[in-house]
Amino acid sequence: MRFFFRSRQFKVILGITVCLIAISLICFFVGGRLSPQSDITGTLAAPFRAAFTYVSNGISDIAAALSDGNEAMIKNADLENEISELREKLADYEKAVAENDFYKDYLEIKDNNPDYEFCPATLISRDKNDPYGSFVINKGSADGIKSHDPVISESELVGYVTDVGLTTSKVVTILSPDITLGALDNRTNDSGVVSGTLEFAEDGQTRFYNLSRSCNVAIGDYVVTSGEGIFPSGLLIGTVTSIGSDEYNTSIYAAVEPFADIDSLRNVMVITNFEGKGGLNPDGE
Amino acid sequence: MQKKHHPFLALANILIFAAVIVFQTSELCDISIRTASPMLLLPLLCSYAFFSDIKRCVAAGMISGAFIDSISQGAYCFNTIILMLLAVGVCLAANNLFNKNIFAASVLSLMISLIYYIFLWLFFYLSGSDMESSVGYLLKYAIPSAVYSAVFVFPFYFIYNRFRKIKEH
C-alpha cells in the first residue's frame with residue numbers, strides 16, 4: 001500500500017480533494033449558493049426527483065384511498081376494476097381540490113398583503129439524514145429565488161431558503177437550530193425568539209424562548225412572526241403546547257407545534273419580496 | 001485472468017447507482033426504523049469499491065457524493081469528498097489488507113458507515129448546536145443510522161460478487 005502514496009494516482013486524488021476543500025471554503029464564506037458540482041448534479045437530477053416524488057405521492061394517495069375504501073364495494077369482484085378507476089379519479093379530484101384550496105389560500109394572503117411576491121414551488125427531495133426535516137424545492141435562482149427568502153405553506157411559516165442553485169433550492173425548516181427568528185404571542189403580544197433543538201424536533205415541535213417571567217403566554221396561544229429579521233410580520237408559526245422554565249430560572253420557554261405539517265409538505269410558496277425585506281439573517285448575521 | 005469489457009455490466013452499474021441515488025434523495029419509500037435512517041450509498045460504494053479499481057472508485061464516490069450534496073443541508077462538498085475518500089480507502093484495504101469475502105465487506109461497510117456519520121456529526125452537528133443536542137444526534141441518529149446502513153452491504157456484495165464472476169469468465 002505504501003507504493004500507492006508515492007503514485008501519480010495518490011497525487012491526483014490529493015489534488016481533487018484540495019480543490020473540493022477550496023470550493024467548500026469559498027461556498028461557506030460566500031454563502032447562499034450551492035457548490036458548483038452540487039448545482040450541476042441538482043439541476044440534472046431535479047426532473048427525475050420530481051417524477052419520483054410525483055409517483056410516490058400518487059402511490060400514497062391511492063393507498064390512502066384504498067385504506068378508506070368501502071368494504072362492500074371491495075367484496076364485489078366484478079366492480080373492483082371500476083372502483084379502482086373511480087378511486088384513482090377520486091384521488092385526482094381530491095388532489096385538484098387540495099391544489100385549488102392551496103392557491104385560494106395564497107390568493108387570500110396576497111389580498112391581505114399586496115406587497116408579497118410569491119413563487120410557488122414543489123418539494124422534490126428530503127435530506128433523510130437531517131432530523132430537522134430540511135428539503136429541496138424545484139425552484140432556484142432562475143425563478144427569482146434568493147438565499148434567505150421565507151417559505152410558507154398557506155399562511156403558515158415553514159422555514160427559509162438557505163442555498164440556491166439554478167433550478168433547485170435548499171430549505172431549512174423552523175424545527176432546526178439553524179433558524180432564529182423574532183416571534184410574538186398573538187394574544188398577549190409577549191415577544192421572544194423561536195429556534196429549534198433536537199429534543200423539540202423529535203416531537204415535531206420548536207422552541208419559543210427568551211420570554212420574560214412575567215409574560216402571560218398560555219397553552220393554546222398562537223405564535224406569529226414579529227417582523228424582525230428576514231420574515232414579514234404576522235406569519236403563523238404554531239400553537240403553544242407546553243410551557244417550561246429555563247435551567248437558570250431567569251426566563252421561560254414554550255414548546256410550539258408548527259401549524260405547517262412539515263413531514264407531509266408537498267407544495268410550498270416562497271415569498272420572494274415583501275415590504276421591509278432585507279433585515280437580519282435568521283442565523284443572526 | 002483476462003478481464004473483458006462488459007457494456008451490460010457498466011450499464012447495470014450506472015442503473016444501480018442511479019436507483020440508489022434516487023431512492024436516497026426522493027420520498028419514494030422510507031425504510032427508516034425509528035431514528036435510524038440508512039445511507040444506502042455507503043454499503044453500495046463499499047461493495048463496488050471492494051471489486052473495483054481506484055480510478056472507478058474516485059469517479060463513483062465523487063459523482064454519487066455530488067448528488068447527495070445537492071440535497072444535504074449546508075453540505076457544500078462534504079459528501080463529494082468523503083464518499084470519494086471512503087471508496088478509495090475501501091479499494092485499498094480490500095486489495096492490500098483483507099481477503100475478498102463477505103465478512104471483510106461487512107467489516108469495511110460498518111467502518112466506513114461509522115466514519116461517515118462521525119464526520120457528519122463533527123462537521124454539522126457538534127459545532128452548530130448545544131452539547132446535549134449534538135451528543136443526542138450522535139447517539140440517537142448517527143450511530144444507529146451507521147449500523148443500519150452497514151447491514152445493506154449483503155445484497156450489494158452479492159450483486160457485485162456476481163458481476164466480478166461474470167467479468168472473469
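Which residues, counting only those in segment B:63-83, are of a type in the set (A, V, I, L, M) and more than 7 Å from chain A (Cβ to nearest Cβ)?
B:ILE63, B:ILE68, B:ALA75, B:ILE82, B:LEU83
Among the residues of segment B:113-143, which ones are β-branched (Val, Ile, Thr) and within 19 Å of B:SER72 (Cα to Cα)?
Listed by number, the residues that qualify are B:ILE115, B:ILE118, B:ILE143.
So, of the residues in segment A:126-169 that are surrounded by 23 or more Cβ atoms within 10 Å (Cβ to Cβ), more than 11 Å from the chain's Cα centre (by Cα) and small (Gly, Ala, Ser), which turns out to be farthest from B:ILE71 (Cα to Cα)?
A:GLY140
Regarding A:ILE59, is this residue facing chain B (nearest Cβ under 10 Å), at pLDDT below 75 and either part of a helix (DSSP H, G or I) or touching a strand residue (DSSP E or B) at 6+ places or on another chain (Cβ under 8 Å) (or both)?
The answer is yes for A:ILE59.
If you check A:TYR209 against the conditions, is it under 27 Å from B:TYR125 (Cβ atoms), among the aromatic types (Phe, Trp, Tyr), without any contact (Cβ under 8 Å) to a residue 60 or more places away in the chain and within 14 Å of another protein chain (Cβ to nearest Cβ)?
In short, yes.
Can you name the residue in segment A:14-53 that is outside any helix (DSSP H, G or I) and not hydroxyl-bearing (Ser, Thr, Tyr) and, of all such residues, is nearest to the other protein chains (Cβ to nearest Cβ)?
Looking at the filtered set, the residue picked out is A:LEU34.
So B:PHE103 fits all but one of (1) at pLDDT below 90; (2) more than 9 Å from chain A (Cβ to nearest Cβ); what number is the exception?
Condition (1) is where B:PHE103 drops out.
Quick check on A:VAL161: is it in contact with a Pro (Cβ under 9 Å, 6 or more places away or on another chain) and within 10 Å of chain B (Cβ to nearest Cβ)?
For A:VAL161, the condition - in contact with a Pro (Cβ under 9 Å, 6 or more places away or on another chain) and within 10 Å of chain B (Cβ to nearest Cβ) - is not met.
Looking for whichever is part of a loop (DSSP other than H, G, I, E, B), of a type in the set (D, E, K, R), outside the structural domain of A:LYS128 (by TED's automatic domain parsing) and closer than 25 Å to B:MET131 by Cα here; the options are A:GLU199, A:GLU247. Which one fits?
Matching residue, one of A:GLU199, A:GLU247: A:GLU247.
I'd like the residue in segment B:11-56 that is closer than 24 Å to A:VAL12 by Cα and not in a helix (DSSP H, G or I) and, out of all such residues, is nearest to the other protein chains (Cβ to nearest Cβ).
B:ASP53
Name, by its number, the condition in (1) surrounded by 16 or more Cβ atoms within 10 Å (Cβ to Cβ); (2) at pLDDT below 90; (3) among the hydrophobic types (A, V, I, L, M, F, W, C); (4) within 21 Å of the chain's Cα centre (by Cα) that does not hold for A:LEU280.
The failed condition is (1).
Consider A:LEU198 carefully, then state whether it is buried (at least 20 other Cβ atoms within 10 Å of the Cβ) and under 30 Å from A:ASN129 (Cα atoms).
It is true that A:LEU198 is buried (at least 20 other Cβ atoms within 10 Å of the Cβ) and under 30 Å from A:ASN129 (Cα atoms).
Does at least one position in segment A:134-144 carry a residue that is within 15 Å of A:ASN273 (Cβ to Cβ), in contact (Cβ under 8 Å) with a residue 40 or more places away in the chain and not assigned by TED's automatic domain parsing to the domain that holds A:LEU211?
yes
Check every one of the helices (runs of 4 or more DSSP H) wholly within segment B:125-169 and list those with 2 or more residues that are closer than 28 Å to B:SER47 by Cβ and touching a residue at least 12 places away in the same chain (Cβ under 8 Å).
The qualifying helices (runs of 4 or more DSSP H) are B:143-151, B:153-168.
Are any residues in segment A:111-131 part of a loop (DSSP other than H, G, I, E, B), modelled with pLDDT of 85 or more and more than 8 Å from chain B (Cβ to nearest Cβ), and if so, which ones?
Result: A:TYR116, single match.
At pLDDT 85 or above, within 29 Å of A:SER147 (Cβ to Cβ) and either surrounded by 19 or more Cβ atoms within 10 Å (Cβ to Cβ) or out of contact with any Ser or Thr (no Cβ under 6 Å at 6 or more places or on another chain) (or both): which single residue out of B:PHE158, B:PHE163, B:PHE67, B:PHE98 fits that description?
The conditions single out B:PHE67.
Tell me yes or no: at least one residue of segment B:107-125 is hydrophobic (A, V, I, L, M, F, W, C), more than 13 Å from every other protein chain (Cβ to nearest Cβ) and more than 15 Å from the chain's Cα centre (by Cα).
yes
The values are calculated or read from the model by the stated rules, or taken from the named source; none is laboratory data. The shown structure was predicted, so the numbers you read here are calculated from the model rather than taken from an experiment. Here Cβ is always computed from backbone atoms with ideal geometry, including for glycine, and neighbour counts include all displayed protein chains.
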